[in-house]
Amino acid sequence: MTKAKTTTTGVRAWTLERVYPWLLTIGGIVGFIAAFVLTLEKIELLKNPAYNPSCNISPLLSCGSVMKTEQAQAFGFANSLIGVAGFAIVTTIGMMLLAGVNGQKIKRWFWLGLQAGAIFGIAFIHWLFFQSVYVIGALCPYCMVVWVVTIPIFWYTTLYNLRTGVIPTPQSLKGVVNFLQRHHGDVLLLWFLVLIGLILNHFWYYWQTLI
């Protein structure tokens with residue numbers, strides 16, 4: 001694992017290895033809170049179908065509209081429960097690394113497990129993104145918070161595992177991986193811009209009414 005670089009002023013630079021534990025911890029906590037609150041709102045809605053969730057901001061930004069659909073329980077139970085469990089694990093791993101656990105000394109299967117979870121998460125939120133935007137026609141604010149934290153968690157988990165050798169890089173792809181490592185922030189920004197652009201384009205009729 002690459003050690004944190006030291007600048008000419010003696011202050012250690014914020015390398016991926018130093019930032020990654022904070023990303024997992026903060027992203028995990030934010031995602032957990034969003035998923036937990038969404039779970040509470042779902043429970044209230046089950047108890048009282050007429051309940052108006054706190055995240056019902058407008059006809060477009062409405063958790064209630066999304067929570068009442070089949071997509072909101074893709075596996076037979078509320079999707080938010082997956083987030084509660086998943087983000088709790090992510091937070092624990094982040095705090096474990098912040099406490100001084102050396103990531104290199106952790107078994108490879110552990111990181112592969114985290115990678116598998118991150119892949120599931122990123123695939124699931126993009127499926128939910130498509131369903132929310134193009135099928136349901138409504139956006140859940142708490143769900144979008146989950147999307148926002150899941151993307152960088154997946155992205156930097158992948159880069160971390162590539163950098164530390166958990167995911168072997170074929171010789172033919174080393175140039176591509178090095179490019180992604182150098183331009184990680186640009187890729188992440190482009191990723192978010194594409195999703196934002198799709199939302200703005202599809203719901204432009206609604207945004208026009210706010211201008």
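Remarks
- Each helix, a run of at least 4 DSSP H residues, gives -39500 (n - 2.57); summed and divided by the residues of the chain, these come to -22000 deg cm²/dmol at 222 nm.
- Potential extension, I33-T169 segment - 0.36 nm per residue separation minus Cα distance: 45.4 nm
- Projecting the Cα atoms of Q181, G165, Q71 onto the charge dipole of the chain, computed from C-beta unit charges around the Cα centre, puts G165 farthest toward the positive end.
- Candidates per trypsin sites (Lys or Arg not before Pro) in the stretch 91-124, loop by DSSP, up to 13 other Cβ within 10 Å: K107
- A straight chain from V187 to K107 at 0.36 nm per residue would run longer than the Cα-Cα distance by 25.9 nm.
- Computed Kirkwood radius, in angstrom, where 1/r is averaged over Cα pairs of the stretch 60-211: 17.4
- Test item: Cα-centred dipole of the chain, Lys/Arg +1 and Asp/Glu -1 on Cβ, debye: 860
- Pairwise label distance in nanometres, A123 with V148, each label 7 Å out on the Cα-Cβ vector: 2.7
- Each label was represented as a point 7 Å from its Cα along the Cα-to-Cβ direction; for N178 and L81 these points are 4.8 nm apart.
- Net length gained if the chain between V135 and Q71 were fully extended (0.36 nm per residue, minus Cα distance): 22.1 nm
- Fluctuation leader among L45, L200, L173 - the chain, Gaussian network, Cα springs under 10 angstrom: L173
Computed from the coordinates by the stated procedures, all read-outs in this text should not be read as laboratory data. What you see is a predicted model, and the numbers here were worked out from it, not measured in a lab. Here the Cβ is made from the backbone with ideal geometry for all residues, glycine too, and neighbour counts use every protein chain on show.
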